[in-house]
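Report on the following structure.
The values are calculated or read from the model by the stated rules, or taken from the named source; none is laboratory data. All of these numbers come straight from a predicted model, not from anything done at the bench. No Cβ is skipped: glycine too gets one built from the backbone with ideal geometry, and neighbour counts run over all protein chains shown. Accessible surface areas use protein heavy atoms only, side chains included; no ligands, DNA or RNA. Shrake-Rupley method; radii C 1.70, N 1.55, O 1.52, S 1.80 Å.
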Amino acid sequence: HTLDDYEWQDMSPAPIIGGEGGTTGQTYDGKFGKYVKDGRRVTCWGSCIFTGVGGSKGTMTGNIVIDNLPFTSDTIGQIALGTIRFSNLATNWVNVIGVVKANSTMMYLEGMTAAGISNDTHLVAADISDATWILFEVTYRTDA
């Protein structure tokens, strides 16, 4: 077997915390993303930081996502789960995960606000503060 489709680069544009329905006015104290593409498998990692010092969440509509994944995901349903570390959310969450859906360059943030039997509640703009920071890693299959 020959490895002829391999990349390791910065995510450009950089990942952002946004809303699936729209995102405007964000200012970040820091954001970065990197990825490795090995054939059709992509692994991304990075951070998005609004520390409240120089950052602002701006306006977000719809469910909260990490946007600007470097490749469009495959056409299969919910194809990947990402690991999320978070701080300074505006509301209490027990856990937060990332879900990459079909044909998307977004990772949806979902989780649980209390002990329960499922963790598929979407975060919305009210859950994000001007001091939120998120670290993430996700591996998914791309369509190309």
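Computed quantities for the displayed model
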| quantity | calculated |
| --- | --- |
| Output for segment 42-60, where each listed residue is more than 19 Å from Ile84 (Cα to Cα) and either small (Gly, Ala, Ser) or open to solvent by 30 Å² or more (accessible area, probe 1.4 Å) (or both) | Gly52, Val53, Gly54, Gly55, Ser56, Gly58, Thr59 |
| Checklist (1) more than 20 Å from Thr23 (Cα to Cα); (2) in contact with a His (Cβ under 7 Å, 6 or more places away or on another chain) applied to Glu110, failing item | (1) |
| Qualifying residue in segment 121-141 (condition: farther than 24 Å from Thr61 by Cβ and not in a strand (DSSP E or B)) | no |
| Among the candidates Ile64, Ile79, Ile84, residue that is in contact with a Leu (Cβ under 6 Å, 6 or more places away or on another chain) and at negative phi | Ile64 |
| Only listed residue being under 23 Å from Asp130 (Cα atoms), over 12 Å from the mean Cα position of the chain (by Cα) and at pLDDT 95 or above, chosen from Thr61, Thr27, Thr51 | Thr61 |
| Out of Asp67, Asp74, sole residue that is over 14 Å from the mean Cα position of the chain (by Cα), of a type outside the set (Gly, Ala, Ser), within 28 Å of Gly39 (Cβ to Cβ) and buried (at least 18 other Cβ atoms within 10 Å of the Cβ) | Asp74 |
| Matching residues, segment 85-144, being of a type in the set (D, E, K, R), at pLDDT below 95 and touching a Phe, Trp or Tyr at 6+ places or on another chain (Cβ under 7 Å) | Lys101, Asp130 |
| Residues of segment 85-107 that turn out to be open to solvent by less than 40 Å² (accessible area, probe 1.4 Å) and farther than 20 Å from Pro13 by Cβ, as a count | 7 |
| Residue ID - farthest from Leu89 (Cα to Cα), chosen from residues in segment 31-41 that are under 15 Å from the mean Cα position of the chain (by Cα) and open to solvent by less than 30 Å² (accessible area, probe 1.4 Å) | Tyr35 |
| Cross-chain or 6+ apart pairs with Cβ under 8 Å, segment 110-138 first and touching a residue at least 40 places away in the same chain (Cβ under 8 Å), then among the acidic types (Asp, Glu) and surrounded by 15 or more Cβ atoms within 10 Å (Cβ to Cβ) | His122/Glu110; Leu123/Glu110 |
